[in-house]
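A short write-up of the structure that comes next.
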Amino acid sequence: MLTVEGLNAWYGQAQALFDVSLSVGEGELVVIQGLNGAGKSTLLQSLIGIGPRAQGRITWQNQPIQTWPAHRRARAGLGFVAEDRRLFTALSVKENLWIAASSGSSAQATPAQRFDRVMALFPQLHTMLQRPASQMSGGEQQMLALARTLMTGPRLLLLDEPCEGIAPVLVAAMRDALLQLAREGVAMLVAEQNNILARHAQRVLVLTSGRMDGAA
Ligand code: ATP
């Protein structure tokens, strides 16, 4: 489904990724672990096309996509949730979701069906549809960021620390929602340090100073 071969990335002269290779199969949950600064965010950003200068081969459903801009990768079914969430904080929960629906990949479901599915997955959001995103807790914002990406109908989710720094009750809700999505066949590549999804993953990869340990 997704294959990465020999990926290198640089911030100016400083190299952040060294010859990284990995793959994510259909419906697989793959976790990337590594210390702060290991390159997890850089890797995910490079895959969606918003990272620093990069070289290497990224293949998505048998097509080389490394030259594609981010919006084309998103339309092709890659969904990214950044660590800093990147919500429209002045807009309501509902508005954040519907804006995303218009940029969705060509999909099996209509935007209305995706909205219903997202509400079923995150009932917490249903009670705050009119609330501005700025008035949500960090964990609620994290849910909204994931829900917004789901509105685009991704086939592979790239998640940067989805359960980091949020209240324990919301960590459990987030974990359960992600595992439910995995059961429904959504593939995931998740960067995390806190072992919440790693114990459910098909594979756990470790990034050390920009290099992948062992075989991908
Ligand atoms: P964290 O868990 O702290 O987010 P990470 O594993 O995601 O860490 P990255 O954020 O990808 O790691 O950082 C990898 C390397 O690239 C680090 O050495 C970091 O200092 C550097 N780096 C990250 N972003 C930038 C940037 N915008 N400009 C310059 N260097 C950067």
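Only the coordinates and a few stated rules stand behind these numbers; no lab work does. As the structure is a computational prediction, the values presented were derived from the model and not from experiment. Neighbour counts are summed over all protein chains in view; Cβ atoms, including those assigned to glycine, are modelled from backbone coordinates with ideal geometry.
Given +1 at the Cβ of Lys and Arg, -1 at the Cβ of Asp and Glu and no other charges, the dipole of segment 1-110 around its Cα centre is 300 debye to the nearest 20. Each Lys and Arg contributes +1 and each Asp and Glu -1, all at the Cβ; summed about the Cα centre of segment 125-181, the dipole is approximately 220 debye. Axis of helix 138-150 versus longest Cα principal axis of the chain: the two differ by about 80°, to the nearest ten degrees. Magnitude of the charge dipole for the chain, about its Cα centre and with charges confined to Cβ atoms of Lys, Arg (+1) and Asp, Glu (-1), is about 420 debye. Relative to its residue count, the chain spans a Cα convex hull of 114 Å³ per residue. Its DSSP H runs of at least 4 residues, each contributing -39,500 (n - 2.57), put the calculated 222 nm mean residue ellipticity of the chain at -9000 deg cm²/dmol, to the nearest 500. Within the shell defined by Cβ-Cβ distances under 14 Å, the residues around residue 209 carry a net charge of 0, with Lys and Arg each +1 and Asp and Glu each -1. At an R0 of 30 angstrom, the distance between the Cβ atoms of residue 129 and residue 63 translates into a FRET efficiency of 0.25. Given the convex hull over the Cα atoms of segment 99-216, what projected area results after averaging over all orientations, in nm²? With every direction weighted equally, the projected area is 8.5 nm².
Subtracting the Cα-Cα distance of residue 5 and residue 98 from their residue separation scaled by 0.36 nm leaves 29.9 nm.
Charge tally around residue 36: other residues with Cβ under 13 Å, Lys/Arg +1 each, Asp/Glu -1 each, net -4.
Considering only 37, 9, 71, and ranking their Cα positions along the charge dipole of the chain that arises from unit charges at the beta-carbon of Lys, Arg, Asp and Glu, the one farthest toward the positive end is 71. For segment 141-164, the residues whose backbone nitrogen is under 18 Å from a point 7 Å from the Cα of residue 113, taken along Cα to Cβ, are 150-156. Within the shell of other residues whose beta carbon sits under 15 angstrom from the beta carbon of residue 118, the net charge comes to -1, with Lys and Arg scored +1 and Asp and Glu -1. Rounded to the nearest 0.05, the FRET efficiency derived from the C-beta distance between residue 55 and residue 183 at R0 = 45 Å is 0.80.
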